[in-house]
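Below: the structure, in structure tokens.
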Amino acid sequence: MSSPGLSIREKLSYGLGDLASNLCWNMLSGFLLFFYINVALIPVAAVGTLMLLSRVLDALIDPAIGVLVDRTHTRHGKARPYLLYGAIPFGLIFGALFLVPFSGSTAKLLYAYATLILVGIVYSAVSIPYSSLMPLMTRSTDQKVQMSSLRTIGSAIGTFIVTASTMPIVNRFGTDKRMGFAVAGGLFAGVATVLFLVVFANCKERYQDHSVDGSFSLGGDVKNMFRNRPWLVTFAFAMLMLMRLGAMIAATIYFTLDVVKQPWMISFLLPMISVTYALSAMVARPYLKRFGLRNGCIFALVGGAIFFAALPLVEGRTIPFLVLYSLSSFCMGICPTATWTMQSDSIDYQQWQFGRRSDGLLVSAVSFATKVGMAAGASFIAYALAWAHFNPEVMTPATVSAVRWLYYLPPVVLMGLQILVIAFYNLDRLHPRIVADLAARSVLAVNQQALDEAGLARSPSKHGVPQFPGADK
């Protein structure tokens with residue numbers, strides 16, 4: 001039994017969810033460090049600790065949200081209710097993030113901690129259910145790749161809008177950068193709220209876990225999750241990917257201002273990540289179909305690392321620098337589409353191998369990895385700047401050199417680690433069999449339920465569903 005086709009409207013609406021997420025997430029990851037240090041004037045070392053602790057604390061919320069999703073059963077489904085009731089609170093709290101209502105250093109720092117942690121919590125309350133939607137909508141890997149591509153395109157568009165328009169919006173207010181950031185944050189938050197509600201309205205859940213018989217505990221789900229090799233690979237791969245992206249984005253502003261002294265490049269380098277990721281998403285489906293998720297990512301990362309490692313050789317030549325940067329970003333853009341597909345396929349593997357899907361738990365744990373990765377990348381840059389005695393008003397040659405290598409070195413090292421991790425992914429050939437087995441199990445489980453209701457004896461099974469040879473291999 002194949003997965004039913006999804007309408008174009010439904011696929012496009014799903015992609016809008018990542019556009020909504022990235023309008024806010026990329027303003028946070030791309031400009032919050034600059035806002036805290038240069039606008040709110042919070043000490044740089046304190047900002048490093050703030051970014052790391054707040055991200056780790058709110059990431060710990062993700063598994064709780066995932067468990068709630070797994071145990072939610074409403075007329076709207078498991079995941080969609082969170083989009084309906086969480087979109088508006090998310091927009092309001094994010095809008096407060098870029099406000100500075102206090103003047104004292106301690107008060108500003110406490111306000112920053114409170115708002116950043118709250119944003120992480122409400123973001124989890126919509127982003128985890130959103131990510132959980134894909135495996136509830138379809139089991140077809142091909143359709144998942146399509147939806148992941150649209151998700152990557154939505155992410156790229158959101159990132160492009162934020163990176164290209166945030167500073168122009170801020171600069172319209174002249175020297176009052178506090179007001180400029182407040183307006184930009186409020187604007188993006190409002191648009192994101194509307195888009196999350198569109199996802200709720202147009203995306204439908206089609207699959208339920210017929211294998212669940214109520215005998216599974218959270219401890220058992222977590223144990224099975226850590227026995228799920230494809231999920232472990234996805235978890236580590238996603239963390240490294242976002243660590244790389246977080247470090248790159250955080251370092252870009254300082255690299256352009258203090259190393260190459262070309263402020264206009266901010267409005268090229270950051271948006272170009274979005275443009276190239278969108279272009280990569282457009283070719284991801286045939287590319288990944290040809291090479292598979294594992295090999296496709298390896299080839300793309302090797303190319304991305306080579307192009308990025310060549311950047312220092314052309315630092316003083318603008319056109320070659322931008323060309324190599326764009327080629328590297330295009331190669332790296334394959335990874336997000338592959339990651340969302342791997343995440344969804346690993347949920348199918350969880351049900352096939354252990355009799356329990358745990359959509360919300362597995363998605364939330366990958367979200368935890370991305371948040372910790374992004375926080376670690378940005379915090380590493382902040383701590384390294386503090387170690388180099390960074391002062392935005394006085395730039396020494398040693399500080400400039402530190403900023404230069406903070407921009408060049410971490411992305412190449414992290415791409416190498418991603419290659420090592422993805423080499424252990426093993427679902428490319430196995431997943432079609434998993435889909436066929438799960439479809440057959442679903443039919444037999446429904447038939448068994450009908451027999452039970454008719455008073456006939458239940459046939460022996462493991463996990464409450466018929467077993468298939470090889471499911472434990």
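The values are calculated or read from the model by the stated rules, or taken from the named source; none is laboratory data. If you're wondering where the values come from, they're calculated on a predicted model, not measured in any experiment. Neighbour counts run over all protein chains shown; Cβ positions are idealised from the backbone, glycine included.
In segment 135-166, which residues are within 30 Å of residue 31 (Cβ to Cβ), at pLDDT below 85 and either outside any helix (DSSP H, G or I) or among the hydrophobic types (A, V, I, L, M, F, W, C) (or both)? Across segment 135-166, the qualifying residues are 156, 160, 164.
Checking the stated criteria, residue 121 turns out not to satisfy the condition of being β-branched (Val, Ile, Thr), more than 18 Å from the chain's Cα centre (by Cα) and outside any loop (DSSP other than H, G, I, E, B). The lone criterion from (1) in a loop (DSSP other than H, G, I, E, B); (2) modelled with pLDDT under 80; (3) under 26 Å from residue 107 (Cβ atoms); (4) not acidic (Asp, Glu) left unmet by residue 4 is number (3).
Please verify whether residue 201 is part of a helix (DSSP H, G or I), hydrophobic (A, V, I, L, M, F, W, C), modelled with pLDDT of 85 or more and surrounded by fewer than 17 Cβ atoms within 10 Å (Cβ to Cβ), treating the condition exactly as stated.
So residue 201 passes the test.
Taking first residues from segment 81-95 that are surrounded by 22 or more Cβ atoms within 10 Å (Cβ to Cβ) and partners that are part of a helix (DSSP H, G or I) and of a type in the set (S, T, N, Q), the Cβ contacts under 7 Å between residues at least 6 apart in sequence or on separate chains come to 87/193; 90/193; 91/193.
Listed here are the residues, each with its yes/no results for (1) touching a strand residue (DSSP E or B) at 6+ places or on another chain (Cβ under 6 Å); (2) at pLDDT 90 or above; (3) under 30 Å from residue 410 (Cα atoms).
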residue	(1), (2), (3)
194	no, yes, no
215	no, no, no
220	no, no, no
228	no, yes, yes
236	no, yes, yes
249	no, no, yes
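Just one of the numbered conditions (1) over 23 Å from the mean Cα position of the chain (by Cα); (2) surrounded by fewer than 20 Cβ atoms within 10 Å (Cβ to Cβ) is not true of residue 255: (2). When you look at residue 249, is it aliphatic (A, V, I, L, M), surrounded by 20 or more Cβ atoms within 10 Å (Cβ to Cβ), under 19 Å from the mean Cα position of the chain (by Cα) and under 30 Å from residue 163 (Cβ atoms), yes or no? In short, yes. Here is the figure for segment 342-360: residues that are assigned to a helix (DSSP H, G or I), more than 12 Å from the chain's Cα centre (by Cα) and within 14 Å of residue 134 (Cα to Cα) total 8.
Note on segment 23-74: residues that are among the hydroxyl-bearing types (Ser, Thr, Tyr) and in a loop (DSSP other than H, G, I, E, B) total 1. Could you tell me which residue of segment 227-243 is surrounded by the fewest Cβ atoms within 10 Å (Cβ to Cβ), considering only residues that are within 14 Å of residue 293 (Cβ to Cβ) and aromatic (Phe, Trp, Tyr)? If we take residues in segment 227-243 being within 14 Å of residue 293 (Cβ to Cβ) and aromatic (Phe, Trp, Tyr), then 231 is surrounded by the fewest Cβ atoms within 10 Å (Cβ to Cβ). Applying a threshold of 6 Å to beta carbon distances and a minimum spacing of six or more residues, or different chains, the list of pairs starting in segment 194-205 at a residue that is under 16 Å from residue 7 (Cβ atoms) and ending at one that is of a type in the set (Ser, Thr, Tyr) and surrounded by 23 or more Cβ atoms within 10 Å (Cβ to Cβ) reads 203/14. Please work out which one of (1) at pLDDT 90 or above; (2) within 30 Å of residue 345 (Cα to Cα); (3) in a helix (DSSP H, G or I) is the condition residue 435 fails and give its number. So the condition that residue 435 fails would be (1). Annotation note: of 124, 149, 140, the sole residue that is surrounded by 23 or more Cβ atoms within 10 Å (Cβ to Cβ) and closer than 24 Å to residue 12 by Cβ is 149. Of the listed requirements (1) assigned to a helix (DSSP H, G or I); (2) touching a strand residue (DSSP E or B) at 6+ places or on another chain (Cβ under 8 Å), residue 179 misses just one: (2).
The set of residues in segment 168-195 that are crowded, with 19+ Cβ neighbours inside 10 Å and closer than 21 Å to residue 278 by Cβ comprises 188, 192, 195.
Within segment 309-322, identify whether any single residue is surrounded by fewer than 23 Cβ atoms within 10 Å (Cβ to Cβ) and touching a Ser or Thr at 6+ places or on another chain (Cβ under 7 Å), and answer yes or no. No, segment 309-322 has no match at all. Taken together, the criteria place residue 327 among residues that are aliphatic (A, V, I, L, M), surrounded by fewer than 21 Cβ atoms within 10 Å (Cβ to Cβ) and in contact (Cβ under 8 Å) with a residue 24 or more places away in the chain. Can you say whether residue 110 is aliphatic (A, V, I, L, M), over 27 Å from residue 135 (Cα atoms) and crowded, with 22+ Cβ neighbours inside 10 Å, as far as the supplied structure shows? No: the conditions fail for residue 110. Scanning segment 296-320 for residues being part of a helix (DSSP H, G or I) and in contact (Cβ under 8 Å) with a residue 40 or more places away in the chain gives a total of 12. For residue 382, the conditions (1) at pLDDT below 85; (2) of a type in the set (A, V, I, L, M); (3) more than 30 Å from residue 266 (Cα to Cα) are fulfilled apart from (3).
Which residue out of 100, 56, 39, 47 is β-branched (Val, Ile, Thr), surrounded by 23 or more Cβ atoms within 10 Å (Cβ to Cβ) and over 22 Å from residue 356 (Cα atoms)?
47
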